[in-house]
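One structure is given below, encoded as structure tokens.
The values are calculated or read from the model by the stated rules, or taken from the named source; none is laboratory data. Model, not experiment: these values are computed from the prediction. Glycine gets a Cβ as well: all are built from the backbone with ideal geometry, and neighbour counts include every protein chain shown.
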Amino acid sequence: MFVFLFCSYKGNIENEFIDFPHIELNFLPIYLILAISFLFMVALVLLKAPIIDFFVVLLFSRLLLHCIPIYYNGVGSHFAINFLISVLCIIVFMISFHLNAEKNFLIKIFCYFFFVLCAQIFFESYFGEISFFDDVYYYKNDLVLPIGASNALASKVIPFFSFIFILEKSMVKRLLFFAVAFFVVSLTKSRSGILDIILIMLLMLSWKGSFSISGFFKFLVVMALIGCVSVYFLYYTQIGNFIFSDSDSTVFQRAKLIQSGIDLFWNHPLFGNGLYYNDLAKNPHNWVLDVVMRSGLFGLGIAIIIVSSIVFEVKKYMRDDVIRGCFVAVLCMLWQGLSEIILFSVVHDFIMWFFIGTMLSRANHLKGKILDD
């Protein structure tokens with residue numbers, strides 16, 4: 001995370017808008033991340049840790065599935081970077097699974113990432129060339145940091161906030177974290193981010209870890225009502241239009257991207273189109289559609305197995321703060337990923353699979369304690 005927060009690639013044109021002090025690299029930061037991660041993997045091997053399990057096999061299966069479309073689509077210019085991102089997911093998962101980090105350590109490290117990222121966003125918003133009250137389109141394009149830009153910044157703040165909020169017991173500190181997170185997400189002018197943090201906040205306050213069908217449907221109804229009210233405010237009131245309206249017809253562009261993604265899926269419905277793109281022009285801004293675009297129905301099947309297996313492993317331990325915090329952090333990333341670019345981007349995947357590995361590691365630890373007792 002330190003690399004993502006403070007290092008950028010010199011060759012990326014968007015990084016010219018970064019005002020926050022940072023380190024410019026002559027190569028993509030993911031190469032440095034992979035090198036560091038490889039050293040951790042070597043340490044695991046030397047410690048003779050069991051690095052292969054059911055989830056690693058599933059992730060390797062997903063990786064191999066992405067190679068099948070090479071047969072009919074060839075190797076595109078973006079294949080290598082996308083392939084490396086998938087490899088990084090596996091490595092980060094294995095490292096976090098064997099890290100066995102203590103609760104206090106996790107709180108401290110995520111608090112650090114949270115406040116550093118929030119400070120960066122505030123700095124960039126305040127000292128950027130385009131004011132918060134200027135045209136939304138130009139403001140959001142000017143709000144760039146090494147770790148991402150605009151909406152992508154909000155989608156990184158919220159998972160850190162949700163994890164810290166659940167593990168923090170002091171209500172005063174909880175309110176402080178929420179105030180900081182909400183203020184910073186508002187600075188990004190991400191409408192999906194505003195909706196996400198409100199809904200996630202309500203989820204965290206109302207859900208203590210137990211599952212029930214009636215409770216789940218009640219929650220969906222309440223979330224739908226709140227979502228409708230929030231959408232009305234953001235899109236149809238003078239204040240919402242003044243602060244959050246986009247001059248680039250975002251909604252209509254997203255609709256075109258979704259239709260284009262559906263068309264691509266039907267070109268190769270079984271195995272998808274592979275890892276052939278890495279740009280906004282073709283990304284549907286919806287992770288479910290992105291999965292079937294890339295790896296087809298077989299890839300969707302593997303994704304369903306992965307999600308189902310994770311839920312099955314942790315559902316008995318949802319009252320544990322660490323597991324519930326990780327679960328909600330991943331949930332809010334998937335939630336926002338229904339309308340933003342979340343999965344298949346290097347920083348988001350790094351964060352998400354670290355949370356998943358930590359969550360399963362904690363569940364495995366609690367399972368061992370129960371068996372010992």
Open item on the list: Just to be sure before I move on: is Phe113 buried (at least 19 other Cβ atoms within 10 Å of the Cβ) and within 28 Å of Val56 (Cα to Cα) in the structure I sent?
Closed with: yes
- [ ] Would you mind finding the one in Leu34, Leu39, Leu47 that is out of contact with any strand residue (DSSP E or B) (no Cβ under 6 Å at 6 or more places or on another chain), modelled with pLDDT under 75 and not charged (D, E, K, R)?
- [x] Leu47
Open item on the list: Of everything in region 162-180, what is outside any helix (DSSP H, G or I) and either among the hydroxyl-bearing types (Ser, Thr, Tyr) or surrounded by 10 or more Cβ atoms within 10 Å (Cβ to Cβ) (or both)? Give them in sequence order.
Closed with: Glu168, Ser170
TODO: Run Phe344 past the list (1) on the phi > 0 side of the Ramachandran plot; (2) of a type in the set (Phe, Trp, Tyr); (3) part of a helix (DSSP H, G or I) and report the number of the one that doesn't hold.
DONE: (3)
Open item on the list: I'm told Phe79 meets every condition in (1) among the hydrophobic types (A, V, I, L, M, F, W, C); (2) under 23 Å from the mean Cα position of the chain (by Cα); (3) over 25 Å from Phe163 (Cβ atoms); (4) modelled with pLDDT of 80 or more except one. Can you identify the failing condition by its number?
Closed with: (4)
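Tally the residues that are among the charged types (D, E, K, R) and either under 30 Å from Glu168 (Cα atoms) or in contact with an Asp or Glu (Cβ under 7 Å, 6 or more places away or on another chain) (or both), restricting the search to region 102-143. Even if it seems obvious, please write down each step before you answer.
Going through region 102-143, the residues among the charged types (D, E, K, R) turn out to be 102-103, 108, 124, 129, 134-135, 140, 142.
Still in the running and either under 30 Å from Glu168 (Cα atoms) or in contact with an Asp or Glu (Cβ under 7 Å, 6 or more places away or on another chain) (or both): 102-103, 108, 124, 129, 142.
Number satisfying all stated conditions: 6.
Could you name every one of the helices (runs of 4 or more DSSP H) located completely within region 1-95 that has at least 3 residues being surrounded by 11 or more Cβ atoms within 10 Å (Cβ to Cβ), among the β-branched types (Val, Ile, Thr) and in contact (Cβ under 8 Å) with a residue 24 or more places away in the chain?
Ranges flagged: 29-46.
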TODO: Only residues in region 126-145 that are closer than 14 Å to Glu14 by Cβ count as the first member; pair them with residues that are surrounded by 15 or more Cβ atoms within 10 Å (Cβ to Cβ) and among the basic types (Lys, Arg), Cβ under 6 angstrom, at least 6 apart or cross-chain, and list the lot.
DONE: Lys140/Lys189
Open item on the list: Given the options Val292, Val314, Val330, name the one that is touching a Cys at 6+ places or on another chain (Cβ under 9 Å) and assigned to a helix (DSSP H, G or I).
Closed with: Val314
Task: Condition broken by Ala101, with the remaining ones in (1) closer than 24 Å to Leu167 by Cβ; (2) in a helix (DSSP H, G or I) satisfied - done: (2)
- [ ] From (1) within 23 Å of Val3 (Cβ to Cβ); (2) in contact (Cβ under 8 Å) with a residue 60 or more places away in the chain; (3) touching a Ser or Thr at 6+ places or on another chain (Cβ under 6 Å), pick out the condition that doesn't hold for Leu153.
- [x] (2)
